[in-house]
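Step one of this worksheet: look at the structure below.
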Amino acid sequence: MDSHELVEKLNTIKAQLTGFEQPHDNRIYLSCESENSLPVNKFLFEEVRARFVIATAIDCEQYFEILYHYSYDQTGCIINLKCFIRDHEHPQVESIAPVVTGAEWIEREMHDLEGIEFNNHPCMERLILADDWPEGEYPLRKDWNNEKEN
Amino acid sequence: MKKKIKLPVLAAGPVHPLQEEMEFYQLYVDGETVVDIDVRLSYNHRGIERISETLQFDQVPFLVSRICGICSASHPLAYVQAVEEIAGVTPPERALERIHSHILWVGLAGHFIGYETVFMWAWKYREPVLDILEKITGNRNNYGNVKVGGCREDLPEGIEEEITPILDNIEKKMDMLTKAVLDDPILHARLKGVGVLKKEDAVKYAVTGPTARASGIPIDVRRDDPYAAYDRVDWNVCVQEEGDVFAKAVVRLLETFESIKIVREALHKLPKGPVSVDIKEIPAGEAVGHAEAPRGETFHYVRSEGGNTPARHKARAPSYVNVPSFKASCIGEKLSDVLITLAAVDPCYSCTERMGVVDPHSGEITLGFDQLLQMSREKTEKLRKGL
């Protein structure tokens, strides 16, 4: 697919998206709500055949954003899927690791550092934090303060 | 009987120090065959993403260049790409680090299968590359030369005349080394078919760099989404189909020549002019940047809210996606092949001496790193005698 066909292909899932931006040729930002995360990720990985790069979780204080970054190496285009998790109290979203094996670690990391639950993750164990780290302390959340214990 | 083997290997570069520090492998074995593998990391997590949020935009390159001592040009390059996109500007480049890292790896691979000569040679030839880097940036590693908007220092006067003979010499020596390695029947017998990462597994695990290219996936950020000046020089992406340790070695050896070619051409074609532009402020916005490091793609995402520090900065180093592929490449391997298979994605190795095989029932160490190394070398020796 060339860049034009790629955009056309992405347009076929428009119904599940809430936003589509292309600031320049090789950068695309898609948005969706958390319930559509798995099908859209599956589409990007299996249908578009984009390479999963990594995911970034961002604590936006009222809600969470997870950006799934993909690279479509044939044209060098980076496709970023922004997935909004509206429930800041109990953030959860479907795991994409059963589809994208390479996402297993980063979901464990986001679970450790931001406290996001990934439903149906094949092996949700701690990856970054020590085993004796207290429950409910998520060091990459905006309100986390490493001195509050003292 | 199942034994649980604990191998605290080392870890390397990125936010979670995957290549320079501790990493913990648990190999589950049945006899001598590995049946499962677990990896634990983050024994020395430095919290770089959090630290980054407390630094000003122009301080972050110095932080991210310390993510990994070997990839210390590609991390800042990927980061500044992102910030420059938010601000709307453009940068220069360096390709030297790739050469020294690959030569280093070839040396280590030799060490682990008992080829001490290869180890000594390769590290000797790597030395002049570090000298060049020191000349250009003032440091052998952690160059700190990349900044938002360009480069901190211009190249010194007459550097082309100085680098050219060094490059010629490295190329000659690497040529000899490559031929010696590729023509060696024992190495063929020892490394072919070992630690195979199949193409479909490489796709599933989303691996990058030489790990992907040795499994028949022709990706390289420098070609696919060219940054700096990589679209203005002529070079090839080296791909092998087999996915075994031998293929990974071939890819790295051949890439060294491509890198020498790139450096030569870049020096020759280097345009005159300033090395950086001033940036007054970074507006609100978000962008991604990526660069091809010796081990694969480094990827950075930066979000700005218009202040003088990043609101969120995500850094991903190549080993973060390459290391989990051990699950696909190690299972079914013999213990004597595990060392070289784990080494084949090129995590650094200085801490490996702490490996141990532990019996979970008695808690006794049944096999140490030395014995594992011995097993690996004995296998090479057997092959050597058989030929």
**Study point:** From phi via Karplus (6.51, -1.76, 1.60), per-residue ³J(HN,Hα) for the range B:198-206 in Hz, x at Gly/Pro
**Key:** 5, 4, 5, 5, 4, 5, 4, 7, 6
Point to revise | Nonlocal amide H pairs with A:A55, under 5 Å, H built at 1.01 Å | key: A:H69
**Study point:** Which of A:H4, A:W144, A:T18, positive extreme of dipole for chain A (C-beta unit charges)
**Key:** A:H4
Exercise for review: Starting at the first residue of the range B:235-243, write each ³J(HN,Hα) from the Karplus equation 6.51 cos²θ - 1.76 cosθ + 1.60 with θ = phi - 60°, in whole Hz, x for Gly and Pro.
Suggested key: 7, 10, 8, 8, 10, 10, 8, 6, x
Revision key, fill the gap. Per-residue average of other protein chain Cβ atoms inside 10 Å, peptide A:71-84 -> 4
Practice item. Could I have the simple spin-label model distance between B:V35 and A:K14, label points 7 Å from Cα toward Cβ, reported in nm to one decimal? Key: 5.4 nm
Revision key, fill the gap. Under the Karplus relation with 6.51, -1.76 and 1.60 and θ = phi - 60°, whole-Hz ³J(HN,Hα) for the range A:54-70, x at Gly and Pro, equal 5, 10, 10, 9, 10, 7, 9, 6, 9, 8, 10, 10, 10, 9, 8, 9, 10
Study note, to complete from the structure: Scoring the range A:3-92 by relative contact order with C-alpha pairs under 8 Å, at least six apart, yields a percentage of 27 percent
Point to revise | Long-range HN-HN contacts of B:A293 with modeled amide H, under 5 Å | key: B:T298
Check your understanding: Against the longest principal axis of chain A, how steep is helix A:104-114, in degrees 0 to 90 to the nearest 10, with axes from Cα atoms?
Key -> 50 degrees
Review point. Using unit Cβ charges (K, R positive; D, E negative) and no other charged atoms, how large, in debye to the nearest 20, is the dipole of the range A:3-92 about its Cα centre?
Key: 280 debye
Practice item. Mind listing the long-range amide H neighbours of B:V35? Cut-off is under 5 Å, sequence gap 5 or more, other chains count too, H placed in the peptide plane at 1.01 Å from N. Key: B:Y28, B:V29, B:D30, B:G332
Review point. Along the charge dipole of chain A, which of A:F45, A:Y29, A:G76 sits closest to the positive end, that is, farthest toward it, with unit charges on the beta carbon of Lys, Arg, Asp and Glu (+1, +1, -1, -1)?
Key: A:G76
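Every number here is computed from the coordinates shown, using simple stated rules; none is lab data. Keep in mind the model is a prediction, meaning the values are calculated, not measured. Using ideal geometry, Cβ is built from the backbone for each residue, glycine included, and neighbour counts are taken over all protein chains shown.
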